[in-house]
Structures are given as structure tokens and as C-alpha cells.
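Written out below as C-alpha cells is the structure these notes cover.
Throughout, read-outs are computed from the coordinates displayed, never taken from laboratory work. These numbers were taken from a predicted model, which means no experiment stands behind them. Here Cβ is always computed from backbone atoms with ideal geometry, including for glycine, and neighbour counts include all displayed protein chains.
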Amino acid sequence: MAAAPAPIQPPRPSPADGALVALERVSKVFRRRAALRDVSLAVRPGSCVAVLGPNGAGKSTLLRVAAGLTRPSAGRVLVRGSERDAAARLRASVGYVAHSTLLYEPLTPRENLTLFARLAGAAAPGERAAEALRALDVDRHADRAVGVLSRGTRQRVALARALMGRPPLLLLDEPFAGLDSAGAARLLELLREARDRGAAILLATHGREAALELADEAAILAAGRLRHRGPVSGPGDADLAHAYLRATADAGDGEPVREPRA
Amino acid sequence: MVPLVVCAAAAFLGALATIAFYAPVEAVQGVAQKIFYVHVPLAWCTFLAVAALLAGSIGTLWRRRPGADRLARSAAEVGSVLATLVLLTGSLWGKAVWGTWWTWDGRLTSTLVLWFILVGYVLYRSLAEGPPETTARTAAVLGVIAAADVPIIHLSVTWWRTLHPEPVVMRSGDFGGGLPGSMLATLLVSLGAFTLLAAALLVLRVRLAEVEDRLEAAAVERALR
Amino acid sequence: MRRWGAIVLNDLRLEWRRPGRVAAIAVFALLAGVVFVLASDPEPEPLARLGPGAFWVAILFAGTLGLGKTFAEEERDDAMTALLLSPVDRSALFLAKAASTALFLLAVEVVMAPVFFAMFGLPLLRVLPGLAALAALATAGLALLGTLLAFLTARAAGRELLLPVLLLPLVLPLLVAAARGTRVLLASPVPALADLSAWLTLMAAFDVVFAVLGCWGFERAVEE
């Protein structure tokens with residue numbers, strides 16, 4: 001029996017085409033304050049989008065919405081082009097770094113990472129954890145409680161947790177915070193590897209330098225609104241610097257919104 | 001809405017008149033027995049309120065309907081007021097008939113526990129922090145487990161102790177078999193009137209909740225502008 | 001199942017790192033017992049009457065204190081977010097937290113029961129098998145409902161107050177069943193098995209209802 005001819009699909013010209021995660025006209029309101037207003041943004045596999053903006057611009061909220069941790073007040077989140085069960089389908093494939101370490105403080109980095117590797121279904125969780133800690137160069141501290149580690153080391157462990165198992169989507173909120181220059185260079189290297197492997201990276205930061213080494217595209221967020229979106233030519237992108245200054249100056253009216261931990 | 005309130009008010013006055021002038025004075029308990037015509041309908045309405053709380057909670061979780069959440073939180077508030085009145089009228093009746101304000105009889109005790117549960121729900125609504133949609137969902141979960149617990153609590157307390165007069169109305173199998181006709185008629189009038197009154201209260205509270213939600217939505221709208 | 005076990009083991013490890021918590025809760029429960037004795041008559045007969053109820057009330061109050069900390073480690077540095085982002089069933093997560101809470105409460109009970117029974121002059125060994133059955137069912141129910149309520153109240157103002165206010169009325173069937181069941185056990189050398197099994201059945205029904213509703217409710221409460 002011959003297969004029925006496929007119905008002709010009209011092409012859908014959408015910025016979200018081919019994106020791993022796409023936010024469409026997303027707004028989020030916390031306690032009557034807008035953290036995001038009408039933001040549309042998409043990340044494709046093998047690319048890195050830097051979300052730039054001052055403190056309180058809504059970057060963290062944007063990442064939480066993209067991770068499926070916060071439901072937007074308005075707008076849609078699409079995972080691989082579909083809204084259905086977006087958060088649940090994302091779950092196995094997201095590496096997320098936030099302001100908090102997302103770790104158990106009384107446990108050691110090794111115990112923490114082994115737990116999360118096991119929860120992710122790794123065949124050899126212990127080895128996966130050790131490998132991730134080695135990649136961030138923190139295996140020396142692997143057996144002391146996270147709570148007693150220095151700020152920079154903790155950040156490295158948090159990054160190791162997020163990068164462990166090579167997730168196809170990385171949502172990184174200020175990943176360079178607390179890292180020394182060697183750490184930042186190592187992270188940059190790892191992220192570049194991840195992107196070249198096909199990972200989609202959404203990176204939020206208020207410091208621009210390191211992020212622009214990596215980003216293919218920049219989005220400037222101020223007072224919850226997307227003020228600029230465009231390609232990045234490199235760390236010294238003068239146009240982008242202008243756009244950033246303009247956007248943050250315009251946004252003086254918007255009070256920064258403190259995002260509650262959800 | 002206005003017709004409902006007017007009907008409820010009229011029915012309530014009618015029921016009071018029926019209780020005062022039509023219902024006979026009971027031989028043993030005297031006039032105090034007339035509390036029965038208020039107490040039983042109030043208890044009945046409290047259970048209706050719990051049913052409305054359950055329905056609203058399920059609706060919130062299942063369909064994410066804001067209207068369902070308004071029903072749930074209104075029903076809990078109306079229910080806790082009704083449960084308070086059940087306890088007060090029960091206490092008055094107990095003083096008149098048993099000579100004591102309170103006794104740990106099975107049904108009184110489970111009503112008291114129900115009062116704590118309803119008040120706990122109302123407290124939860126007022127103390128919960130976080131986005132309103134999240135609170136609506138977590139409160140709906142609370143509403144469902146509270147409603148599911150009510151029969152278990154009732155069973156456990158009944159096993160724990162039963163002193164209460166066996167349900168008079170239902171005793172001989174057919175409805176109202178144990179009550180003289182005029183008493184039964186008064187009870188039915190009163191049941192109808194109180195149900196109408198509770199419904200009117202609930203509708204008014206839901207309207208108020210609609211206004212609250214519209215204010216909240218307007219504030220959100222302003223924030224997004 | 002493997003993931004479920006991993007979360008339980010992790011909780012036990014956290015508890016093991018700070019053994020003080022079990023000890024503190026057990027001490028509190030014993031103190032509650034002392035308070036009951038001092039507020040009553042130190043004669044054998046009234047103590048024996050009061051004992052079974054006081055034992056379970058002490059566990060309930062002490063357990064409520066412990067339950068408030070169910071998600072404390074997850075909240076401190078937001079490990080909850082990492083858990084929620086793992087591909088773990090919400091039901092498995094809930095049941096794992098409830099299981100580790102139940103084990104924690106059982107540990108408290110094991111530590112305090114001998115001293116408590118001695119204080120009230122009650123024979124622990126004679127009733128031990130029956131008491132273990134009662135404790136298993138009562139503790140499971142308290143852990144299931146308590147874990148769910150701890151999660152629901154995690155983001156409320158005055159949560160330390162709100163959790164007991166919500167939990168105590170809802171777990172009353174367990175208290176009644178456990179206290180009455182214990183009294184049945186103590187009443188005669190050969191306990192009235194019919195009475196005991198009625199209370200056990202009530203608690204088992206409670207546990208099943210709140211295991212199902214707990215999984216169902218937790219899944220709906222975590223999604224934002």
C-alpha cells in the first residue's frame with residue numbers, strides 16, 4: 001500500500017526554528033513587580049547566547065523560566081519546538097548554575113556529584129563525578145564538606161555538577177562569579193568544548209568580557225525588557241558596548257526587581 | 001445575586017418564625033430543644049462548605065481554573081464561620097440538655113477537629129508567600145487532603161467514643177421516621193433556609209474574591225506596562 | 001527505585017553527619033514525658049492510665065519539631081532545585097523524603113521508648129511486638145502527611161507555627177489509634193486482638209490514603 005502523500009506544510013518562519021529552548025513573549029511578575037516583560041529569546045544547539053544586563057535586570061528569572069523552574073505569567077516556553085511537557089522533557093538534559101550552589105553543604109563535592117550522577121541515571125556515578133571534578137580541577141578538594149570550601153572552589157564544584165554528563169543545554173547564571181583568572185580560563189575552555197559538541201548555552205552575566213569570548217549572540221536585558229539582540233563580533237565589540245550603555249541608561253526608570261527563590 | 005440574597009433573607013426569617021411559632025415544644029427538653037432546628041442545618045451547611053472546598057481544590061489542580069480557587073478559598077472561610085456556629089449552638093444545647101457546655105462526645109469532637117482544619121486552611125491562605133498561582137495550587141493540595149481526612153477523623157473519633165444520641169432523623173430506616181411530623185416539617189424548612197443562606201454567603205464571598213483577583217490582575221498589568 | 005534509594009541513603013548520610021538531631025528530638029520527647037508525669041499523679045495507677053497516650057503525644061510533638069526540618073538541607077543552598085532538575089519522578093522524590101523521615105522518627109522512638117515506658121512503669125518487653133506494629137503504621141502515616149505539609153508550608157510566613165497547626169488535627173486519627181492500640185496491648189496479658197486489629201486497620205487505611213494523595217499532591221505542588 002502506497003503511503004499517503006505528505007500534506008504540504010507551509011513553512012513557519014519563526015525565530016524559534018531549530019532552537020533547543022525558545023521563550024516566546026514571556027513575562028513574569030513577582031509580587032506585582034515585573035521581572036520579565038515580553039521577552040523572546042531562543043538558543044540553538046551549538047551556539048551560545050549571552051544575556052547581559054545590570055543586577056536586577058531579570059537575567060536570573062529568564063534562566064529559571066528557561067529551565068522550567070518558574071512558570072511564566074504570560075507567554076510560552078518551547079522545548080524543541082513544542083510547549084507540551086516542556087519542563088519535564090528538559091529535565092534530563094539541563095545543566096544549571098545559579099547563585100546558590102544547588103549542593104548539600106554538609107556533604108563533600110564527591111558525595112554531592114555522585115548523588116546527582118546517580119539520579120541522572122549514570123551507569124558509573126562515582127566515576128562520572130570524579131571525572132567532572134577533575135575537569136574543573138577541584139579533585140584536591142573532593143573529600144571536604146562543601147560548606148567549608150572557599151567561594152571560588154564552591155563555584156567550581158557547582159559548575160562541575162552542571163557540566164557533569166555533558167547536558168545538551170547549559171543555563172549558566174554568572175558562571176564566572178568567584179573564579180580566579182585560571183578558573184575563568186578553564187571554564188571558558190570547557191564551555192567552548194561543550195558548544196562545539198553541540199550544546200546550547202545560555203549565559204547570564206553583568207560582566208561582559210569573558211562572556212563575549214564565547215558568545216555568538218548577545219541579548220541585553222534592562223528592567224526586565226529585552227533592549228538589544230544581535231550577533232557578537234568578539235570581546236571588543238564596540239557596537240554592543242554602545243548598545244549596553246544605551247539600554248542601561250534608558251532603563252533608569254525601572255526599579256530592580258529582587259527575585260524570590262522559588 | 002441580589003435575588004438570591006433576598007430569597008435567603010426571606011427564607012431565614014420564615015424559618016425562624018416556623019421554629020418559634022409552629023414547632024411544638026418538646027416534652028422533655030422544653031424550649032431548648034428548638035436549638036436543634038438551627039444546630040443541625042448549620043452542621044449540614046458546614047459539610048456542604050467542605051464539599052465546595054474539595055470541589056474547588058480539585059478544579060484548581062485539574063483545570064487551573066482561577067474560579068475554582070475562588071470557590072475553594074471562599075468555601076473555607078464560610079465553612080469556618082459555620083463550624084464556629086455549630087460549636088456554639090451545640091454548646092448552648094449541651095448546657096441546656098446535658099448540663100454542661102462541652103462534652104467529649106464523638107460528633108462534637110470531630111466537629112471541633114473540623115473547625116481546626118478549616119481555620120488552619122484559612123491561616124495557610126493568609127500566611128503563604130509566593131506567587132498567587134503557586135499558593136492556589138499548594139492550597140488546593142491542602143484542601144484535598146483535608147477533605148479526604150474528614151471521614152477518617154470522624155471514624156476514628158466515633159470509635160474513640162460515642163455518647164451522642166444516635167441520629168434521630170435516620171433511625172428507623174425511612175427518613176424522618178423518628179420525628180413527629182411538625183418537628184420534621186420545621187427541620188426541613190430550616191434546612192432549606194440555612195442552605196439558601198449559606199449559598200448566599202458563599203456567592204457573596206466568591207464575588208469578593210473576584211474583585212480581589214481583579215485588583216491583583218490590575219496591579220500585574222500595571223507592573224508589566 | 002535506584003534513585004529512590006539514592007535519595008534515602010543521602011538523607012541518612014546527612015543525618016549521620018549530625019547525629020545530634022535524633023538525640024535532641026529524643027531528649028525533647030522524654031522531657032515531654034517528664035512534664036506529663038509532673039503535671040499528673042506520680043502513683044502507679046494514674047501513670048499507667050496516662051502512659052500510652054502520653055507516649056504518642058510526646059512522639060507527635062517531637063516529630064512535629066523534626067518535620068519542620070524535612071527540607072532544611074535542600075533549602076539552604078537550594079539543592080532542591082538540583083533535585084527537581086534531575087530526571088527523578090516526583091512521587092519517588094516524595095516517597096524517598098517520607099521514608100527517610102520515617103526512619104528518623106523510628107530512630108527517635110527506639111531511643112526514647114525504653115526510658116519512657118520505665119518512667120510510666122509500663123512493661124515494654126511484654127507489648128513489644130504489638131507496639132512495633134503500631135509504631136510502624138503510625139510513623140509511616142506521620143511521615144507521609146508530615147512530609148507533604150512540610151513542603152506545602154515551606155514558603156509560608158511563620159511556617160514553624162503553621163506546620164503544627166495544620167498537621168496536628170489531620171494526624172489525630174493516628175494518635176487516637178496508636179494510643180488506644182497501646183492501651184489494648186497493655187490492658188491484658190492476652191490482648192484483645194479484634195480491638196487491636198481494628199486500630200491497625202484504621203492506621204493502614206490512613207497510610208494508604210496519604211501515600212497516594214501525598215504523591216499526587218506533591219507532584220502538583222512542586223510545579224510552579
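Kirkwood analysis of region A:56-177, using all unique Cα-Cα pairs, places the hydrodynamic radius at 15.1 Å.
Taking Cα atoms only, the orientation of helix B:132-160 departs from the longest principal axis of chain B by about 20 degrees. Scaled against 2.2 N^0.38 Å for its residue count N, the alpha carbon radius of gyration of region C:126-224 is 1.25. For region B:34-80, trypsin sites (Lys or Arg not before Pro) are listed when DSSP marks them as loop and at most 15 other Cβ atoms sit within 10 Å of their Cβ; the list is B:R64.
If you count the DSSP beta bridges with both ends in chain A, what percent of them are antiparallel, to the nearest 5? Let's see the in-between values first.
On the way: 19 of 38 bridges.
Roughly 50 percent of the DSSP beta bridges within chain A come out antiparallel.
Cross-link partners for A:K28 among the lysines, with Cα-Cα distance under 23 Å and sequence neighbours closer than 8 places in the same chain left out: A:K59.
At 222 nm, what helix-only mean residue ellipticity would chain A give, in deg cm²/dmol to the nearest 500, using -39500 (n - 2.57) for each DSSP H run of four or more? It would help to have the intermediate numbers written out before the result.
Numbers: 8 runs with 84 residues, N = 262.
For chain A, the value works out to -9500 deg cm²/dmol.
Each residue of region A:182-195 was assigned a 3J(HN,Hα) from its phi angle through the Karplus curve 6.51 cos²θ - 1.76 cosθ + 1.60 (θ = phi - 60°); the sequence is 5, x, 4, 5, 5, 4, 4, 4, 5, 5, 4, 4, 4, 5 Hz, with glycine and proline shown as x. Give me the distance between the Cα centres of region B:57-124 and region A:102-128, rounded to whole Å. When both Cα centres are located, 47 Å separates them. Computed over chain B with a Gaussian network model linking Cα atoms closer than 10 Å, the most mobile of B:G130, B:G181, B:G59 is B:G130. With Cα atoms defining each centre, region B:187-225 and region C:1-57 are spaced 44 Å apart in the structure. When Rg and the Kirkwood Rh are both derived from Cα coordinates, the Rg/Rh ratio for region A:116-225 amounts to 0.98. By the beta-carbon count within 10 Å of each Cβ, the least crowded to most crowded order of B:L184, C:L144, fewest first, is B:L184, C:L144.
In Å, what Kirkwood hydrodynamic radius results for the protein assembly as shown from the alpha-carbon pair distances? Walk me through the numbers on the way to the answer.
On the way: mean 1/r = 0.0345 Å⁻¹.
The Cα-based Kirkwood calculation yields 29.0 Å.
GNM, chain A, Cα, under 10 Å: largest mean-square fluctuation among A:A35, A:A57, A:A210? Highest fluctuation among the options: A:A210.
Distances between placed amide hydrogens fall under 5 Å for A:L36 paired with A:K28, all partners being 5 or more residues away or on another chain. Less than 5 angstrom separates the built amide H of C:A156 from those of B:E129, all sequence-distant by 5 or more or on a different chain. For chain B, find the longest principal axis of its Cα atoms and tell me its angle to the long axis of helix B:181-224, 0 to 90°, nearest 10. Once rounded, the angle reads 10 degrees.
Rounded to the nearest 5, what % of DSSP beta bridges with both residues in the protein assembly as shown are antiparallel?
On the way: 21 of 40 bridges.
Beta bridges within the protein assembly as shown, antiparallel portion: roughly 50 percent.
Taking all pairs of distinct Cα atoms, average 1/r, flip it, and tell me the Kirkwood hydrodynamic radius of region A:199-243 in Å to one decimal place. Don't jump to the answer; show the numbers that get you there.
Details: mean 1/r = 0.0915 Å⁻¹.
The Cα-based Kirkwood calculation yields 10.9 Å.
Across region A:225-235, computed HN-Hα scalar couplings (Karplus, 6.51 cos²θ - 1.76 cosθ + 1.60, θ = phi - 60°) run 10, 7, 9, 7, 9, x, x, 10, 8, x, x Hz from first to last residue, x flagging Gly and Pro. Beyond 33 Å, how much of the Cα-Cα pair distribution for chain A remains, as a whole percent? For chain A, the share of Cα pairs beyond 33 Å comes to 21 percent.
If the cut-off is a Cα-Cα distance under 21 Å, which lysines reach C:K97, setting aside same-chain residues fewer than 8 apart in sequence? Partners within reach: C:K69. Under 17 Å of direct C-alpha separation, and excluding same-chain neighbours fewer than eight residues apart, B:K34 reaches these aspartates and glutamates: B:E26. Less than 5 angstrom separates the built amide H of A:E217 from those of A:C48, A:A50, A:V232, all sequence-distant by 5 or more or on a different chain.
For the options A:S60, A:S181, A:S47, a Gaussian network treatment of chain A with springs between C-alpha atoms closer than 10 Å singles out A:S181 as fluctuating the most. With θ taken as phi - 60° and the Karplus curve 6.51 cos²θ - 1.76 cosθ + 1.60 applied, the whole-hertz 3J(HN,Hα) list for region A:48-54 is 10, 10, 9, 9, 10, x, x Hz, x standing for glycine and proline.
Note on region A:18-154: antiparallel DSSP beta bridges, both residues inside, total approximately 100 percent of the bridges counted.
Using bins of 10 Å that start at zero, the share of Cα-Cα pairs per bin across region B:27-170 amounts to 12, 38, 29, 15, 5, 1, in whole %. Volume per residue of the convex hull around the Cα atoms, evaluated for region A:126-168, comes out as 65 Å³. Taking the C-alpha atoms only, the angle from helix C:2-17 to the longest principal axis of chain C is near 60 degrees.
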